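What follows is a single structure, written as structure tokens, with notes after it.
All of the numbers you see were taken from the coordinates with simple rules; none came from a lab. All values derive from a computational prediction rather than experimental measurement. Glycine gets a Cβ as well: all are built from the backbone with ideal geometry, and neighbour counts include every protein chain shown.
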Amino acid sequence: MRRRKPRSTSPAGSITAALSCASACTSLGSLREKFALADDKIARLLELAEETAKTTHDYRRFTTTLNEHSIHPQKIEVIENMRRVAYADAHLDARKNRLISKVAGLLHVTHSEYIGAKMRAKENAAPA
């Protein structure tokens, strides 16, 4: 009987899993539209994100930068966009949910703002 390799519960593992989902899903189209990026730029962005995720051991490095350089509505938008990526494969598991919830807390997004972002992302993810 084959033994299954345990899943990583580290931030890097979670982020890598989310990025893998993002790279395989329609969220690439969203990146292209939202930031007007060419395909080669998107590919490079994802490559850099994956490299960073492999060496990241906590979320504070990123959330501290966001807290210092972003206004509150931008932080809510980050959470909403994370939700959109999470919903891109039509499956939101507990691991993705914990990741987004933790980042929301580190960005000082209130629970009601978090729920609002979740509902907007879910509404946008619903099939037409």
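Less than 15 Å Cβ to Cβ from Arg120, Lys/Arg counted +1 and Asp/Glu -1: what total charge do the surrounding residues give?
Summing Lys and Arg as +1 and Asp and Glu as -1 gives +2.
Less than 16 Å apart at the alpha-carbon level, and either on another chain or at least 8 residues along: which lysines does that give for Lys96?
Lys118, Lys122
Multiply the residue gap between Glu51 and Asn124 by 0.36 nm, knock off their C-alpha separation, and tell me the result in nm, one decimal place.
The Glu51-Asn124 span can extend by a further 23.3 nm.
Which aspartates and glutamates does Lys102 reach when only Cα atoms under 19 Å apart count, and residues fewer than 8 places away in its own chain are ignored?
Asp58, Glu68, Glu77, Glu80, Asp93, Glu113
Classify region 33-77 from the C-alpha gyration tensor, please: rounded if a/c falls under 1.5, else prolate or oblate depending on whether a/b exceeds b/c.
oblate
How much length would be gained if the chain were fully extended between Arg61 and Ile42, taking 0.36 nm per residue of separation minus their Cα-Cα distance, in nm to one decimal?
On the way: separation 19, 0.36 × 19 = 6.84 nm, distance 2.25 nm.
Here the segment from Arg61 to Ile42 would lengthen by 4.6 nm.
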